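Everything below concerns the one structure shown next.
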Amino acid sequence: MPTPAELQERIQAALPGALVTVDDLTGGGDHFRAEIVSDRFEGLSRIQQHKLVYDVFGGDIGGAIHALSIKTSTPGATTQ
Amino acid sequence: MTNDEIRDFLQQAIDENRVMLFMKGTPNQPQCGFSARASGALNALGVQYAALDILPDPRIREELSGLSGWPTIPQLYVDKELVGGSDIIIEMFESGELAGLLGVEQPEEVEAEPQPEPAQRPIGLENRLD
């Protein structure tokens, strides 16, 4: 079962320098929320930003990770 | 129905409906909290939209994600473009961007609570799967 720490490591490995917070929403190890601040998101649409994060997990989304809620932003912006 | 036929059907739904929501369940009876929030946001804006339940056959979701490159449900399309999943839909709803994109007024009460009145009948795929 994936843990928040594991998800956090995988995101950070794929997006070096990113500030990543992951919560297990239900405590059940399958519904997660990730907040990611990264300069890699600069100039990308929301769709593209979220896709970058989904791509880290590939087929695990909808499988081992039933749900991953994502909030992305760039260091320069508080909301995006 | 073959996988190719399912994919064609999904593409047609995207092409023919300006606001197209793929969800788990229906706007009246969403089967997942994320889908409920997405359809709730559209209901709160009072826009006409088409909804398609992906649950009746696992191939619907496979083909949809193959088309969009987006792994999760719900998925909202406006003018044939993928707008996003539930996180993006809710963010854009709360900021007023979604109302702007859809050309409607932002309601004063901004709450994405599911409301049981779909603006349009759900599209049925069930009876085409056999």
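The values are calculated or read from the model by the stated rules, or taken from the named source; none is laboratory data. This one's a predicted model, so the numbers in the text were calculated from it and none came from an experiment. Because the Cβ atoms are built from the backbone with ideal geometry, glycine has one as well, and the counts that use them run over all protein chains shown. Quick note on the areas: whole protein, heavy atoms, side chains included, nothing else; ligands and nucleic acids left out. Shrake-Rupley method; radii C 1.70, N 1.55, O 1.52, S 1.80 Å.
Taken over the stretch A:27-46, the criterion of being farther than 30 Å from B:Pro58 by Cβ, open to solvent by 60 Å² or more (accessible area, probe 1.4 Å) and without any contact (Cβ under 8 Å) to a residue 24 or more places away in the chain is satisfied by A:Gly43 alone. Applying the criterion of being farther than 17 Å from B:Gln11 by Cβ, hydrophobic (A, V, I, L, M, F, W, C) and not in a helix (DSSP H, G or I) to the residues of the stretch B:28-72, the residue that is nearest to the other protein chains (Cβ to nearest Cβ) is B:Cys32.
The residue that is least open to solvent (accessible area, probe 1.4 Å), among those in the stretch A:47-67 that are among the small types (Gly, Ala, Ser) and at the interface with another protein chain (Cβ under 10 Å from one of its Cβ atoms), is A:Ala67.
Every residue in the stretch A:48-73 that is under 18 Å from A:Ala18 (Cα atoms) and in a helix (DSSP H, G or I), please. A:Gln48, A:Gln49, A:His50, A:Lys51, A:Leu52, A:Val53, A:Tyr54, A:Asp55, A:Val56, A:Phe57, listed by residue number.
When A:Pro2 is tested against (1) touching a Phe, Trp or Tyr at 6+ places or on another chain (Cβ under 8 Å); (2) over 22 Å from B:Glu91 (Cα atoms); (3) in a helix (DSSP H, G or I), exactly one condition is not met: (3). With respect to (1) open to solvent by 10 Å² or more (accessible area, probe 1.4 Å); (2) in contact (Cβ under 8 Å) with a residue 12 or more places away in the chain; (3) away from every other protein chain (no Cβ under 13 Å); (4) touching a Lys or Arg at 6+ places or on another chain (Cβ under 9 Å), the lone exception for A:Leu15 is condition (1).
Going by the conditions given, is A:Gly28 at pLDDT below 95 and more than 23 Å from B:Gln75 (Cβ to Cβ)? Considered against the rule, which asks whether it is at pLDDT below 95 and more than 23 Å from B:Gln75 (Cβ to Cβ), A:Gly28 comes out as yes.
For A:Asp24, are the conditions met, namely being within 13 Å of another protein chain (Cβ to nearest Cβ), over 11 Å from the mean Cα position of the chain (by Cα), of a type outside the set (A, V, I, L, M, F, W, C) and surrounded by 15 or more Cβ atoms within 10 Å (Cβ to Cβ)? Judged against the criteria, A:Asp24 is not a match.
Scanning the stretch B:73-91 for residues that are more than 8 Å from every other protein chain (Cβ to nearest Cβ) and either assigned to a helix (DSSP H, G or I) or aromatic (Phe, Trp, Tyr) (or both) gives B:Tyr77, B:Ile89, B:Ile90. Annotation: of all residues in the stretch B:48-72 being open to solvent by less than 10 Å² (accessible area, probe 1.4 Å) and of a type in the set (A, V, I, L, M), the one that is nearest to B:Asn3 (Cα to Cα) is B:Ile60.
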